[in-house]
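Taken together, the values in this text are just the output of simple stated rules run on the coordinates, not laboratory data. Fair warning: this is a prediction, and the values are worked out from it, not measured in the lab. Here the Cβ positions follow ideal geometry from the backbone for every residue, glycine too, while neighbour counts run over all protein chains shown.
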2 protein chains.
Amino acid sequence: MARIDALHEISPLEGGGNSRLAFTDHDKAGRDLVVAWMRDLGLEVTIDGIGNVVGVQPGFDVSPVMMGSHIDTVATGGRFDGNLGVLSGLEVIEAVIESGEQLTRPLAVGFFSNEEGARFAPDMMGSLVYVGGMGVEEALDTIGIDGKRVGDELEQIGYLGGAPVPGTSPHAFVELHVEQGPVLEEEGVTIGAVESVQGISWTEIVIEGQSNHAGTTPIRLRHDPAYVAAEIAVFVRNLALRFGGDQVATVGRIDLHPNLVNVVPATATLTVDLRNTDEGFLAQAEAELRARLVELANTEGVAISANVLARFEPVVFDPRIVDLVERAAKRNGHSVKRMPSGAGHDAQMFARVCPTAMVFVPSVEGVSHNPAEFTSVDDLAAGAQVLLDTVLSLAGGYPSQEAHASEPPHE
Amino acid sequence: MARIDALHEISPLEGGGNSRLAFTDHDKAGRDLVVAWMRDLGLEVTIDGIGNVVGVQPGFDVSPVMMGSHIDTVATGGRFDGNLGVLSGLEVIEAVIESGEQLTRPLAVGFFSNEEGARFAPDMMGSLVYVGGMGVEEALDTIGIDGKRVGDELEQIGYLGGAPVPGTSPHAFVELHVEQGPVLEEEGVTIGAVESVQGISWTEIVIEGQSNHAGTTPIRLRHDPAYVAAEIAVFVRNLALRFGGDQVATVGRIDLHPNLVNVVPATATLTVDLRNTDEGFLAQAEAELRARLVELANTEGVAISANVLARFEPVVFDPRIVDLVERAAKRNGHSVKRMPSGAGHDAQMFARVCPTAMVFVPSVEGVSHNPAEFTSVDDLAAGAQVLLDTVLSLAGGYPSQEAHASEPPHE
């Protein structure tokens, strides 16, 4: 909690949150503080070509069990999102050092650049480059919403490092994070054993109809984009209910033109956000949406175009590590629920190169990306304890009867 | 056509329309031109306390049969909307003078201030004041969208006149206007015999839900104002189809907040425009909408408030004059259809004080309030001919076998 409070003191917002956009002076101040803490714990600190920072326990010749997350925030972010995963990693390493426990693998903790993507797209940039999913030159040449270039800004804050990217794959990766959703609180559960990240499909739909006077145009002669947009919003809601499971569907944006009380609009633009942990269901949802668009274009006499804004397949975490998380929670007397993540996280990038899972703790009212983001101290501590137990199992700290747990799950 | 073209030359817009907002210098130039034409025809011109201008044939001691409309436009208006009713009135009077026909009543033509309401609310201000529906002092104190006061602007352009308001009721009132809707063109009909003006009910609906992350919040835990707004838009469309007849329903405005692809909105604001020529059906539509809002608030766990922006009861025109219009059309070999007006017109104000009806001619593609507004010369001429025949019947110019048509329908 002392580290969380100290990191919060950099760029604090009224109401409890932080504004620490990637590669700003605030980001530099946060980085400097966390690096100092890493060095205080005797970790070897490396900085790579996209500014990812990893601290690893020295004196081992095998790959580490890595923890970590990010310390950048959105413009009006909370104090736990990302920071918790980094600072709890420091806490775990400190606890292991203090206990004198001898592990067969080193522990490492990292923070990865520009996870939020609030200033530079794409989000999860640092971990994506770390695992080889994006070339470092392309990342450095990214221009932000303020016209600045990633490489210039990174050099400016002194975090354009020399460690190679892609980075060395860790033995395993575990990220503790606040849920950023309401499920754990709603169900009264303390620990989420995260077994997947939902796949995401974002579509922007533009409907061109015919603008008409709202009084003089009979319904039968209308080609009303607002009505078609409404039918789409109702359709995707019903689709999500029909599919059940993890399926969610959201129309978050609707823009009508000219957007006047007494004018049938000429155009409507809306977005549909579809998510599912199962690629098959996600693809089926997309296909059903496309079919509905064709149907509406025909029956309503409007032109509908659909443009994919983003598309990510679901990520499935390593079931052996999910088991470890679940067992660690139970061993410590915490209620636990296997669940998907609805948001993206650095861990999903590491899942490409090593066994990976995540630990969630409750977010009060599901609020995140907001200064009001809150998780109780008890829940934060429970999450850190589960993280500790999980990485101990992975690093040879529990040579117990739990044979397959202590077996490194490297594949 | 020469007068239409000349009036168009004042404040012309690229593409054929006009920008002649009420009480501007452009309005003054238009007024000066029309007043000069009135005087050319020997009419006695009066200007009243809200700037309405009426030209009447001199030498009679009975109330006139009045024609007229407005010459102000919206900011990007057409060249026929309003102007047609005024200039065709001049044409009718000129034709009667040239024919030497002796009438038992004088003919009059007027243009009424600020019909469009595009700069000063309410619309139809001049005719409303003329018939005593609004006090002249209240009208003069109206502040416009540019912060200017009606009285000051009217004085500035020299049209704050001395004729009393409310004005003298005419014997009857007939307004020729472009339909501003697609029905006549769609059905291949030349003349609309307008028997009513739809009643209007405008409601602004504000839905307050709970903003959530589009990925992390299961459907069952959402309180989604965008979904509720969509359900309302679909409901009113289906209501209009179910009611049939003249019922129309439009959602022309939807504003979501924060209006982002991956955020369940916190609030949605939308407008519902309901219109019907039957007050009972209109009230029933409003009641069904209110019931649906209560239902959605309960099932979706959102707060819904509804605010009436405007409410006007339907206006029914005098069936005897509607008959005259219909017969005049047939006599001249034009197809004719009895129909409602979906838009508001000065004639609906005169319907409060004297027998009134309207004549519609087709608007190509129903376009109006747009420089592209268009009606063919043939249709304009057909409308003017029907207007002529109708006012001749009302002013004693057809002492024919059509007994009840020549009978002045004064009540």
Env charge @ B:Val96, Cβ radius under 12 Å, K,R +1 / D,E -1, value -4
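Just to check, using Stokes-Einstein with a Kirkwood Rh over alpha carbon pairs, what's the diffusion coefficient of the protein assembly as shown at 10 °C and 1.306 mPa s in µm²/s? Mind dumping the intermediate values first?
Details: Rh = 30.9 Å.
Diffusion coefficient, whole number: 51 µm²/s.
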Residues other than B:Glu116 with Cβ under 10 Å of its Cβ, Lys/Arg counted +1 and Asp/Glu -1, net out at -2
Taking every alpha carbon pair in segment A:263-411 and sorting the distances into 10 angstrom bins from 0 up to the bin holding the longest one, the percent per bin comes out as 9, 27, 26, 18, 11, 6, 2, 0
All alpha-carbon distances of segment B:138-228, grouped into 10 Å bins from 0, give the whole-percent distribution 10, 17, 18, 23, 17, 11, 4
Filtered hits (lysines, Cα-Cα < 21 Å from A:Lys28, offset >= 8 within chain) -> A:Lys148
With bins of 10 Å, the percent of all Cα-Cα pairs of chain A per bin from 0 is 5, 21, 28, 23, 13, 6, 3, 1, 0
Copies of A:Thr299 compared via label points 7 Å along Cα→Cβ give distances in nm, shortest first, of 1.8
Averaged over residues of B:231-244, the number of beta carbons from other chains lying within 10 Å of each residue's Cβ is 3
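By Kyte-Doolittle mean hydropathy of at least 0.0 and Cα axial length of at least 20 Å, which whole DSSP H helices of chain B are selected? Intermediate results must be reported in sequence, preceding the final value.
Details: long enough: B:25-40 (22 Å, -0.86); B:83-99 (24 Å, 1.08); B:225-243 (27 Å, 1.07); B:279-300 (31 Å, -0.15); B:377-394 (26 Å, 1.17).
Counting only whole DSSP H runs, the qualifying helices are B:83-99, B:225-243, B:377-394.
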Scoring only Lys, Arg, Asp and Glu (+1, +1, -1, -1) among other residues with Cβ under 11 Å from the Cβ of A:Val150 yields -3
Computed, not fitted: 222 nm per-residue ellipticity of the protein assembly as shown from DSSP H runs ≥ 4 (each -39500 (n - 2.57)), nearest 500, equal to -10500 deg cm²/dmol
Diffing segment A:177-193: the Karplus 3J(HN,Hα) column from phi (6.51, -1.76, 1.60, θ = phi - 60°), in whole Hz with x for Gly and Pro, holds 8, 6, 4, 6, x, x, 5, 4, 4, 4, 9, x, 10, 8, 10, x, 8
For A:Ala310, the residues 5 or more places away or on another chain with a placed amide H closer than 5 Å to its own amide H are A:Trp202
Segment A:68-138, Kirkwood Rh and Cα Rg, ratio Rg/Rh at 1.09
By the Kirkwood definition, with r running over pairs of different Cα atoms, segment A:289-351 has a hydrodynamic radius in Å of 15.9
With the label set 7 Å along Cα→Cβ, B:Asp61 is separated from its counterparts in the other copies, in nm and shortest first, by 12.9
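Scale the Cα Rg of segment B:199-312 by the rule-of-thumb value 2.2 N^0.38 Å and send over the ratio, two decimals.
Details: Rg = 14.7 Å, N = 114, 2.2 N^0.38 = 13.3 Å.
Ratio of Cα Rg to 2.2 N^0.38 Å: 1.11.
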If N is the residue count of segment A:1-101, its Cα Rg over 2.2 N^0.38 Å rounds to 1.10
With the label set 7 Å along Cα→Cβ, B:Gly42 is separated from its counterparts in the other copies, in nm and shortest first, by 11.7
Per the rotation taking chain B to chain A, min distance Cβ-to-axis on chain B (residue, whole Å) equals B:Ala230, 2
